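Worksheet: the structure to be examined is printed underneath.
Since every read-out is calculated from the coordinates, none of them should be taken as a lab result. All values reported here derive from a predicted model rather than from experimental measurement. Here Cβ is always computed from backbone atoms with ideal geometry, including for glycine, and neighbour counts include all displayed protein chains.
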């Protein structure tokens, strides 16, 4: 047997072993713990715990609920693409119901919620499984007489065939529906703390720099799947617009700052893209808010 045949066999075996290990890792959740400092965070919310769940795409990850429970969260933030069209919708609903038994669950849409054409039917069921859908609106979270604002906006991808420009217009229209910061509830203003603190759930990490009108102190996002393939802790390719992809996405995973806002981008939990995850385990995010 020639040396070249031996080399080729070794390479093939190595690639197969790496792919098998990668496939196994894609079925196991990696927990990322992050502390995020916020200016003017009320004292009552110092140490407030949030679990962020993003881009599940209907996948069945056995220990998702258990690993969420282990953090003992005060709130669970679902930042889009938990559903994947009509696929596995009942399974996703069961996961949401189990999560709602642990802590209040707040939900915003991603692009895949719309792809079935039956999203409104699914959305109508969310209250019955204990989930609050923040469709271009805000709510006050109150603790020990102090409040912070939690807002959520719908994904702008209402039509798969829309251009990027039209989606951007829709995104701005969604932002315009949010109440002004500090004016979420006229009967219970966020004047318990000045200035108010706002957290925004928004699926599209790539629209971070267009999110200024929301005046959010912290944005929780997903959509980019951590860059799908990760090398040297950097994402290589991500969903962008319809069936197009972008290489080396700017906001692929982790914590970023732009202007007065911070954004945490989850790598997500599912593997919907035609290109499988590589060196990019599904991520469950444990966030602890702290006073700066």
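Report, in degrees rounded to the nearest 10, the 0 to 90 angle that the Cα long axis of helix 164-176 makes with the longest principal axis of the chain. For helix 164-176, the angle is close to 30 degrees. Multiplying the residue separation of residue 144 and residue 91 by 0.36 nm and removing their Cα-Cα distance gives an extension gain of 15.5 nm. Note on residue 245 and residue 69: the model spin-label points, each 7 Å out from Cα along the C-beta direction, lie 3.7 nm apart. Taking Cα atoms, how many degrees apart are the long axis of helix 89-100 and the longest axis of the chain, rounded to 10 and kept between 0 and 90? So the helix axis and the longest Cα principal axis differ by about 50 degrees. Any idea what angle helix 3-25 forms with the longest principal axis of the chain, computed on alpha-carbon atoms, 0 to 90 degrees, nearest 10? Tilt of helix 3-25: around 30 degrees. Label segment 62-181 by shape, choosing from rounded, prolate and oblate, from the square roots a ≥ b ≥ c of the eigenvalues of the Cα gyration tensor; if a/c is under 1.5 it is rounded, and otherwise prolate applies when a/b is larger than b/c, oblate when it is not. Here segment 62-181 falls in the oblate category. Per-peptide packing, taken as the mean over residues of other Cβ atoms within 10 Å, places 58-64, 282-288 in the sequence 282-288, 58-64 from highest down.
Note on the chain: antiparallel DSSP beta bridges, both residues inside, total approximately 40 percent of the bridges counted.
Under the rule a/c < 1.5 gives rounded, and otherwise a/b versus b/c splits prolate from oblate, where does segment 31-291 land using the Cα gyration tensor?
Because its axes are fairly even, with a/c under 1.5, segment 31-291 counts as rounded.
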